[in-house]
Amino acid sequence: MPKLGGYAGQLLHVDLTNGLVKKLPLSKEACELFIGGRGRDAKTLFDQVPPETDPLSPSNVLCLSTGPITGLLGPTTGRVNVAAKSPLTGIYGNSNAGAHWGAELKYAGYDGIIVTGKASKPVYLYIEDDLVELRDASHLWGKGTYEATRILQRDHRGYDTRVAAIGPAAENGVLYGSLIFDYWDAAGRAGMGTVMASKNLKAIAVTGTGSLSVADPKRYAEVVRDAWQAVLEDPGFQTQEHAALGTLVVLGLGNAQGWLPTRNFRETVFELADEVSGEAFRDRFSTRPAPIPAGRACLSCPNRCKRFGRVTSGKYAGTKGSIEFEGAAAFGPKCGVGDLAAVFHAYMLSNDYGMDCISCGNTIALFMELHEEGILSHEDMDGLDLHFGSADAMVEAVHRIAKRQGKVGELGGLGEELAAKRIGRGAENYVSTVKGMGTIGTDPRVAKGFGFGFAVASRGSDHLRAHPVFEMIRYPPGVAEELFGAKEAGELGKYEGKVRLVFFHENMAAVTDSMGTCRFMHASFYAEYPIPEVLAKYVKPRGPVHSIKYHEWLSAATGLNFTYEALMKAGQRIVSLERALNVRFGVRREHDTLPKRFLKQPVPTGPFKGEVFSEEMLNKMLDEYYDLRGWERETGLPYEESLIELGLADVADDLKRRGLAATRIKGEEASPRKGRR
Amino acid sequence: MRKLVFHPERCTGCRACELACSFFNDGVFSPTRSRIRVVRIDEEGVDVPVGCLQCDSAPCMLVCPSPLAMYRDEGTGAVMINVDACIGCRSCMLICPFGAINHDPEKGFCYKCDLCGGDPECVKWCFTKAIEYVEDEDLRRAKRSEVAEGAAKVMLEAARLVKPGRG
């Protein structure tokens, strides 16, 4: 095969059971169909992970993948994707992180790593260009992610060695163990770290000194300049809110707009939001205070959303690290805690232990509510005084969960949904999960686009499948109407246009997760073609209109020819492939829903007082969404014909063999098995 | 004469400079090949750009044993390597206090920052101005003004002419 540009050109297959490492060439067809990153990983899982696989057994497959753009120059090229069957949800699991690890892997010469089997004792994988070795990790096992990273950097190439490590939480079987990249960047969701721990793989340390080239350098330079200029001119980027406060800026915004989950989603406005806001972090802990214009950035990113801080006094003195909105929202408003030092501390602890800050904070918030409601007694919590606002108890709970200590640790490590099931007594009514995954820091009753996205997301209740921030920022209504068919698509609290909003965002997200670029460029800022062009019709631009043309970017880099339509189709293909994978894991229409709290319990206070996510509307939206996707309305199974149309004939065949493909051909009724979950 | 100036306190560690350097000079994306590097001290959240400062008494020029291999560009003031005369001994690399000289083992010569002939690519891709290409006098004026403005603020606050604040 002629070498494609952008890609490093080969994958590593690491068989831990036999200690063997193989180098596999990339196939051009797979690159055309699934691009890389998330798309390639979904296909690997579909081909290699039978539905009945126990996620924590050696037969689960852990994929770490970069995209063709990872490691190149351009806005946000640092992303890496991690995927496996999730031990938390029992369905497709994946998570995505930034930093510089993914690029380093490519400079070493590899687009991705497929890990299979299980090592007989703890090992880590060391990669330095052609050298790829499994080495003893008995000195690292049990150590926190920070210390493990420090040791591996010291023992290898110092700051030039990038490390992905798991922590004690994953080793102890917390079902939402994360992978921590370069100290502060987490692939947190869905328990990918726990899968890695189950394989006795502690870390992957990489140093790469090679080069990456692109198919058409001249065109590449033009496309990337245009893309970069588009980011700089984006109205959202120009506010410099991310640059000033990082993602934590969202906390204040969410509170003002009335969608900030508070006290385990009881409320949507937090009275202590100012205490845990981006401004508070800047003023109290930032090591880079204004007017110095610098947060920290992943590779080649102009946005610099990472906010570094250090606590210098009080009982959490010495806590340091990089803070993001989701972790702060989970340990802050969701737990009712307004002590920023405690929130920051709990968050950094959860990273050091190597567990998903969202699931961890959510689980503690759930315990707090169950405790207050009398469903969990004082004894059930081993005497730990967990109630909303109790910062000390929250921090203690983080320790106990990571160590699986006592009942709090035993239950807490299971995550919200499984813990609630174990507790019983109506505890299930208080969880925020969809398909086993806890909801992030946005209330779906208010942000209906986000809410609908949670219901259909392929890894459970999560925002990063769609991330329809469009409904939270103020674009001229004409833009919303032109793009999504309804001017209400850009408004909170409205249902109209939200299906097309989510459909568009999901496709775009699947594409960029597969290319190796960041969500923020196309769904936070809206710099991607054709949005700046549409916006220019309503707001007169000062000069020529720039936009990120992902299709041209990908074409110039790889030499493959992607039109805009072809790229959006690739997005649809990847989403439908993930659906097929989930269908094999038992997901059906009845799982594409929201928890009771959001469907039945009205928002009690704030600007959206009285709102629920109407079940009737949800059902209508699902019909419309399935029609757009080519999935059957009654069951949510993909139609055989639409899979074939997307170039997934082998996937269609597999589903058909299992009786899981719907068909549009009359007389030949599909016989969809009922979901297992 | 303009010079490259590095401001670690403004650096985000995005390393776009490294990628721009290797791409526009060598046609590939390779931090190892880049003439400018950013050291990311992740644990402390600090990022430091490191590159050639085009020293006046450049140790690399002093130590170079090949008479025609190194010279100073009169237009830009950059310390230059003539790759045809370079013998690839790496003496310059070893003596450089900043680790700013690279060696190409395949081609057998050393290479370094030549300020892109007076229009450095790294500067164009640095959006926080952590890398600047400026006249010494402009740099000093900016620093002077900053100090003076700080002092003025304190003096005015002391005279209660403005409210104290974070600025």
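Quick note: the coordinates plus some simple rules give every number you see, no bench work behind them. Every value quoted in this text rests on a predicted model; they were computed, and no experiment measured them. Note: ideal-geometry Cβ built from the backbone for every residue, glycine included; neighbour counts use all protein chains shown.
Descriptive notes on the structure:
- With a threshold of 20 Å on the Cα-Cα distance, the over-threshold entries among A:K22/B:K107; A:K403/A:K596; A:K43/A:K85 are A:K22/B:K107; A:K403/A:K596.
- Mean partner shielding of peptide B:17-30, defined as the number of other chain Cβ atoms within 10 Å of each residue Cβ, is 5.
- The share of alpha-carbon pairs in the protein assembly as shown lying farther apart than 47 Å comes to 20%.
- Here A:K540 is the anchor, and the lysines within straight C-alpha reach of less than 26 Å, apart from those fewer than 8 places off in the same chain, are A:K487, A:K549.
- Sequence-distant lysines (8 or more away, or on other chains) whose Cα lies within less than 24 Å of B:K3: B:K112, B:K124, B:K129, B:K143
- For the range A:520-553 versus the range B:74-128, the gap between their alpha-carbon centres in whole angstrom: 38
- Shielding by partners - mean other protein chain Cβ count within 10 Å, residues of A:447-456: 0
- Taking Cα centre as origin and charging only the Cβ of basic (Lys, Arg, +1) and acidic (Asp, Glu, -1) residues, the dipole magnitude of the protein assembly as shown rounds to 380 debye.
- Value of Rg to Rh for the range A:10-207 (Rh from inverse mean 1/r over Cα pairs, i.e. Kirkwood): 0.93
- Selection from A:P68, A:I166, A:V49 lying farthest towards where the dipole of the range A:10-207 points positive, charges on Cβ: A:I166
- Residue-averaged [θ]222 nm for chain B, counting only DSSP H segments that reach four residues, each worth -39500 (n - 2.57): -8500 deg cm²/dmol
- Remark on the range A:504-661: Rg and Dmax equal 19.1, 57 Å (Cα only).
- Placed amide H near B:K3: partners under 5 Å, 5+ positions off or other chain: B:V134, B:E135, B:D136
- Cysteines not pairable in chain B (beta carbon separation under 4.7 Å absent): B:C11, B:C14, B:C21, B:C55, B:C64, B:C86, B:C89, B:C96, B:C110, B:C116, B:C126
- Here the spin labels are modelled as points 7 Å beyond Cα on the Cα-Cβ line, and at A:A30 and A:R422 they lie 3.7 nm apart.
- Short-range pairs are left out: with C-alpha atoms under 8 Å and at least six residues apart, the relative contact order of chain A is 15 percent.
- Per residue of peptide A:204-210, the mean number of Cβ atoms on other chains within 10 Å of the residue Cβ is 2.
- Centre separation in Å (Cα based) which lies between the range A:87-134 and the range A:641-657: 30
- Relative to the compact-globule estimate of 2.2 N^0.38 Å, the Cα radius of gyration of the range A:247-430 comes out at 1.03.
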